[in-house]
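To start, the structure itself, in structure tokens.
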Amino acid sequence: MAAGIRDALAMGKDAAQGKRDGRGAAGNNSVETSTLKLPSFLVVGPPRTGTSWVHEVLADHANLPDPTKETRFFDLHFDRGLRWYLDHFPTAHNGCPRGEVAPTYFRSAHARDRIAQTIPGVKLVFIFRHPVQRLVSLYRLKRAYGRLSWTLEEALERDPELVESSLYATNLREWQNKFPPEQLSINLFEDLSSNPQAFIDRLADFLEIPRFQLEQSQLEQVYSTAKMTEPRNFFATRIATAVADWCKARKLDHVVAGVKNSHFIRLFLGGGAPFPDIPLEALKNVRTQMLREIEELEAILGRDLSHWKTPPSLP
């Protein structure tokens with residue numbers, strides 16, 4: 001496990017990710033962007049930092065992709081072209097800004113480059129969470145969707161996203177190198193969870209949309225994998241997830257949304273055993289490997305993150 005983390009820390013992280021993301025064909029995106037209504041903001045994550053909650057509460061105040069939340073355009077589907085991307089955005093809220101909540105963009109070198117070239121004036125929102133807690137949450141989510149069935153230690157060796165999306169300072173610097181500070185909103189998950197209304201007020205001001213009052217249900221709910229479980233059958237869930245990805249790439253998001261909102265979803269998600277306990281020693285090892293990143297983020301933000309330097313309590 002430690003070797004996998006050291007490798008990610010040592011080998012240029014984002015450069016390695018760039019090779020895995022694939023090289024999108026720029027030809028399909030040569031259309032004059034000034035004639036297109038491109039997003040004015042992107043919430044770029046990383047994953048498991050309250051981004052689903054942000055998407056939900058912004059849905060009535062901005063034009064977001066629908067019915068899917070994440071298009072994966074700038075990291076996976078850039079070769080499909082800007083028209084493909086913009087087809088995901090409804091026009092239900094005339095006069096509202098267009099944006100996307102896309103946490104997988106955070107660690108992607110290709111996403112950074114493509115966003116900088118395509119929408120250089122875009123506003124970018126980051127949310128950082130205790131890196132060990134967030135990593136475990138992402139690990140559990142991947143197990144719930146059948147994307148992996150390994151122990152945490154095995155997953156850290158075999159799934160680069162777990163570690164690379166936790167390299168907050170390293171990735172943030174790369175974004176800062178491409179975008180001016182006035183286009184970046186850098187936040188902590190603790191601020192969101194402790195005072196959601198104050199958090200969303202600051203976000204609304206940054207995005208230049210009128211402030212709005214959160215509903216009581218939204219004040220109480222920031223998503224967690226605590227209620228999720230292992231799938232009944234890893235193989236069936238893995239196949240269903242792969243089919244959903246295939247549909248989304250072909251703009252069949254309504255099919256995926258239909259299944260997700262039906263009773264059929266119970267065949268693929270949940271119904272299995274509770275997530276296995278994470279050994280305390282594994283959490284300590286991950287925390288130790290992340291200390292340098294935490295300290296570097298402290299220096300960037302000018303905030304005390306000492307509470308991130310101890311293993312978190314997990315649900």
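Here r is the Cβ-Cβ distance between HIS254 and ARG173 and R0 is 45 Å; the resulting FRET efficiency, rounded to 0.05, is 0.70.
The stretch between ALA242 and GLU215, if pulled fully straight at 0.36 nm per residue, gains 6.3 nm over its current Cα-Cα span. Measuring spread by the Cα atoms of the stretch 169-254 yields a radius of gyration and Dmax of 18.6, 47 Å.
Each Lys or Arg adds one and each Asp or Glu subtracts one; over the other residues with Cβ under 13 Å from the Cβ of PHE234, this totals +4. R0 = 30 Å: FRET efficiency of THR229 with ASN195, Cβ-based, nearest 0.05? Calculated transfer efficiency: 0.50. In plain terms, the residue of ASP253, ASP66, ASP75 with the fewest other Cβ atoms within 10 Å comes first and the most crowded comes last, giving ASP66, ASP253, ASP75. Volume per residue, Å³, of the convex hull around the alpha-carbon atoms of the stretch 43-90? In the stretch 43-90, the Cα hull volume divided by residue count equals 77 Å³. Set the Förster radius R0 to 35 Å, insert the Cβ-Cβ distance between LEU184 and ARG292 as r into 1/(1 + (r/R0)^6), and round the FRET efficiency to 0.05. Here the calculated transfer efficiency is 0.95. 3J(HN,Hα) along the stretch 155-164: 5, 5, 7, 10, 10, x, 4, 4, 7, 5 Hz, from the Karplus curve 6.51 cos²θ - 1.76 cosθ + 1.60 with θ = phi - 60°, whole Hz, x for Gly and Pro.
Multiplying the residue separation of ARG83 and ASP60 by 0.36 nm and removing their Cα-Cα distance gives an extension gain of 5.9 nm.
Going from the residue with the fewest nearby Cβ atoms within 10 Å to the one with the most, ILE300, ILE200 rank ILE300, ILE200. Net charge around PHE189, counting only other residues with Cβ within less than 10 Å of its Cβ (Lys, Arg = +1; Asp, Glu = -1)? After counting each charged neighbour, the total is +1.
Sorted from fewest to most neighbouring beta carbons within 10 Å, what does the list SER165, SER108, SER52, SER193 look like?
SER193, SER52, SER165, SER108
A simple count of charges around THR310, restricted to other residues whose Cβ falls under 12 Å of its Cβ and scoring Lys, Arg +1 and Asp, Glu -1, yields +3. Extension gain for GLU281-HIS307 works out to 7.6 nm (0.36 nm per residue, less the C-alpha to C-alpha distance).
Treating the beta-carbon of each Lys and Arg as +1 and of each Asp and Glu as -1, no other charges, what is the dipole magnitude of the stretch 149-189 about its Cα centre, to the nearest 20 debye?
Values: 3 positive and 8 negative charges, 58 e Å.
Using only the charged Cβ atoms, the result is roughly 280 debye.
Please tell me the relative contact order of the stretch 53-106 in percent, rounded to the nearest whole number, where contacts are Cα pairs under 8 Å and at least six residues apart.
Working: 55 pairs, mean separation 28.6, N = 54.
Rounded, it is 53 percent for the stretch 53-106.
Backbone amide hydrogens, once placed in the peptide plane, bring ASN187 within less than 5 Å of PHE126, ILE127, PHE128, excluding anything fewer than 5 places away on its chain.
Quick note: the coordinates plus some simple rules give every number you see, no bench work behind them. Because the structure is a prediction, the values reported are computed rather than measured. Please note: Cβ atoms are built from the backbone with ideal geometry, for glycine as well, and neighbour counts cover all protein chains shown.
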